[in-house]
Amino acid sequence: MEIELKLDDLEMSEESKKIIENSKFVPIMMVTPKSAIVDEGNFLFRKYSDDEKKAFYECAIALNNHLNKSI
């Protein structure tokens, strides 16, 4: 199953949305069709700011909430 999702569909702060939009790579991966996690292994290879990390976690949480409501 394939779904298309926009950041505006997710319930997260505007600040985090801007960070995600400006990121070259967002270390979030799908574990199951209803579960996304932040791939913290990427934190070893690239230095992310605390604000970026916060945005990644907020995005993963919002994505999980959206998926569990819609599926």
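What to note about this one:
- Residue pairs meeting the criteria (Cβ under 9 Å; at least 6 apart or on separate chains; first farther than 14 Å from PHE56 by Cβ and at pLDDT below 95, in region 11-38; second open to solvent by 70 Å² or more (accessible area, probe 1.4 Å) and in a loop (DSSP other than H, G, I, E, B)): PRO33/MET1; PRO33/ILE71; LYS34/ILE71
- If the condition is being open to solvent by 30 Å² or more (accessible area, probe 1.4 Å), of a type in the set (Ser, Thr, Tyr) and not in a loop (DSSP other than H, G, I, E, B), then region 15-62 contributes THR32, SER35, TYR57.
- Scan of region 5-51 for residues that are of a type in the set (D, E, K, R) and closer than 26 Å to LYS69 by Cβ, ordered by number: LYS6, ASP8, ASP9, GLU11, GLU14, GLU15, LYS17, LYS18, GLU21, LYS34, ASP39, GLU40
- Which numbered condition ILE3 misses (of (1) surrounded by 13 or more Cβ atoms within 10 Å (Cβ to Cβ); (2) assigned to a loop (DSSP other than H, G, I, E, B); (3) β-branched (Val, Ile, Thr)): (1)
- Residue check for LEU44: at pLDDT below 95 and in contact with a helix residue (DSSP H, G or I) (Cβ under 6 Å, 6 or more places away or on another chain): no
The values are calculated or read from the model by the stated rules, or taken from the named source; none is laboratory data. It should be emphasised that the depicted structure is a prediction, and the values quoted were computed from it without experimental measurement. Neighbour counts run over all protein chains shown; Cβ positions are idealised from the backbone, glycine included. SASA here: full protein model, heavy atoms, side chains in, ligands and nucleic acids out. Shrake-Rupley method; radii C 1.70, N 1.55, O 1.52, S 1.80 Å.
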